[in-house]
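Accompanying notes for the structure given below.
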Amino acid sequence: MAAETKLREMIVGSLNKARSKIRSYTGLYASDAVVSDALAACDEVLQWIDIKEEFKEARLAVQTACDQLARAATDRRSHEGGAVISKRRDDALEAIDQFQTRVFSRGTTSMKAQHMGLGDRGSRI
């Protein structure tokens, strides 16, 4: 059971990095890459679990929400800019939360995770 706990901690840690990037995203700096950072976190998680179609859909939802956040941040000149950015940030965080929920409710350990000592392949996360 300790291996599955470690895997869960790694998943939460990866997704928390994405959450942190989303919370701090302003779009003011060229080095801000909220979409690629969030997708990198999702991809890191996906390497540890057997892929199911619903995870691809959840990843796409994260991408869409982060794209919308990035667009809102670059179009902040309107008087509603701050409110729109805040809403889009909340949407992106919700997409990450939904991704995590799906992984924990339907995920099974991948061969790579098994080789890393994070549980037996096919076991529930």
- prompt: Which of (1) of a type outside the set (A, V, I, L, M, F, W, C); (2) free of Cβ contacts under 8 Å to residues at least 60 places away in the same chain; (3) touching a helix residue (DSSP H, G or I) at 6+ places or on another chain (Cβ under 8 Å) does Glu53 not meet, given it meets every other one?
  reply: (3)
- line: All conditions in (1) small (Gly, Ala, Ser); (2) more than 23 Å from Gly107 (Cα to Cα); (3) surrounded by 15 or more Cβ atoms within 10 Å (Cβ to Cβ) are true of Ser20 except (3)
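Residues are listed down the side, and each one gets a yes or a no for (1) modelled with pLDDT of 90 or more; (2) closer than 18 Å to Lys6 by Cα:
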{"residue": "Gln47", "(1), (2)": "yes, yes"}
{"residue": "Ala92", "(1), (2)": "yes, no"}
{"residue": "Asp97", "(1), (2)": "yes, no"}
{"residue": "Gln114", "(1), (2)": "no, yes"}
- line: Every listed condition ((1) assigned to a loop (DSSP other than H, G, I, E, B); (2) loosely packed, with under 13 Cβ neighbours inside 10 Å) holds for Ser86 save (1)
- request: Note down all Cβ pairs under 7 Å where the first residue falls in region 58-69 and is assigned to a helix (DSSP H, G or I), the second is at pLDDT 95 or above and among the small types (Gly, Ala, Ser), and they're at least six residues apart or on different chains.
  value: Ala61/Ala95; Val62/Ala38; Val62/Ala95; Ala65/Ala92; Ala65/Ala95; Cys66/Ala38; Cys66/Ala92; Leu69/Ala92
Index of the failed condition, Thr74 passing every other in (1) surrounded by 13 or more Cβ atoms within 10 Å (Cβ to Cβ); (2) farther than 30 Å from Ser110 by Cα: (1)
field: Residues satisfying the stated conditions in region 108-125, i.e. surrounded by 15 or more Cβ atoms within 10 Å (Cβ to Cβ) and assigned to a helix (DSSP H, G or I)
entry: Ala113, Gln114
Residue, surrounded by the most Cβ atoms within 10 Å (Cβ to Cβ), within region 89-105, restricted to residues that are acidic (Asp, Glu) and either over 9 Å from the mean Cα position of the chain (by Cα) or not in a helix (DSSP H, G or I) (or both): Asp91
- line: Scanning region 24-50 residue by residue, the ones that are free of Cβ contacts under 8 Å to residues at least 60 places away in the same chain and under 14 Å from the mean Cα position of the chain (by Cα) total 14
query: Going by the conditions given, is Thr101 of a type in the set (Val, Ile, Thr) and over 19 Å from Tyr25 (Cα atoms)?
result: yes
message: I'm trying to understand the selection: among the residues of region 20-55, which are under 19 Å from Arg8 (Cα atoms) and assigned to a helix (DSSP H, G or I)?
response: Ser20, Ala38, Leu39, Ala40, Ala41, Cys42, Asp43, Glu44, Val45, Leu46, Glu54, Phe55
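The values are calculated or read from the model by the stated rules, or taken from the named source; none is laboratory data. In this text the structure is predicted, and so the values were computed from the model without any measurement. When we count neighbours, we look across all protein chains shown, and the Cβ atoms used for this are built from the backbone with ideal geometry, even at glycine.
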